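Encoded as structure tokens, the structure appears first; notes follow it.
Each value in this text was obtained by applying a stated rule to the coordinates, not by laboratory testing. In this text, all values refer to a predicted model and were calculated from it rather than measured experimentally. With ideal geometry, Cβ positions are generated from the backbone for all residues, glycine too; neighbour counts draw on all protein chains shown.
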Amino acid sequence: MRELLVVIDMQNDFIDGALGTEEAQAIVHFVADEIRKYPAGDVFATRDTHGPDYKNTQEGRRLPVPHCIRGTAGWQLCPEIAEALGEAEVIDKPGFGSLLLAEKIRAIAKEEPVGLTLLGLCTDICVVSNALLLKAYLPETPIRVLASCCAGVAPESHRAALETMRMCQIEVIN
């Protein structure tokens, strides 16, 4: 079985920028170490991507903190993560979950059996969204989330998202 790694939104704005947290800063080294365990061709990364009209979007009206605006320093992947990713594919996504990511992985899964491991930011928004989307696209594919390589908006919502994923038959590790 081919094991794929999905790295969710390890961007500056979520680590030490506009929406950064100490918990996010604490996982960077562990995420980079995990990425290095996989060949670049077996790693996909996502990048939360907004335009200059962010405040006029539904998300922007509910979370009026501009972040991950295409082309800004906050939109960029954290340097340690970018270095670890090397030539891995990076997918820009305009919302919480990425249909393009799910479609790409489903295409691989049609050719050979795969297992998926997810990690990244934020557990309670984009990680859970992508985990559930991938589970819907690939219901028989084993999907894991590395809890120690994820951070949420707050510790309580991080734990709640992990429990939600467990209830949806996504394996939560450590």
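For region 2-173, a crude dipole built from +1 on the beta carbon of Lys and Arg and -1 on the beta carbon of Asp and Glu, taken about the Cα centre, is about 460 debye to the nearest 20.
Based on the reciprocal of the average 1/r between different C-alpha atoms, the Kirkwood radius for region 73-174 equals 14.3 Å. Here's the picture: a label point sits 7 Å out from the Cα of residue 33 along the beta-carbon direction, and within region 104-143 nothing has its amide nitrogen under 14 Å of it.
For region 2-173, the antiparallel share of DSSP beta bridges with both residues in that region comes to about 5%.
Along the axis of the charge dipole computed for the chain (Cβ charges of +1 for Lys and Arg, -1 for Asp and Glu, origin at the Cα centre), the listed residues 86, 157, 74 are led at the positive end by 157. Compared with the alpha-carbon gap, the fully stretched path from residue 164 to residue 53 is longer by 36.8 nm at 0.36 nm per residue. Fully extending the segment from residue 154 to residue 70, taken as 0.36 nm per residue of separation minus the present Cα-Cα distance, adds 27.7 nm.
Pairwise Cα distances in region 2-173 exceed 24 Å in 29 percent of cases. The alpha carbon centroids of region 1-67 and region 69-87 are separated by 9 Å.
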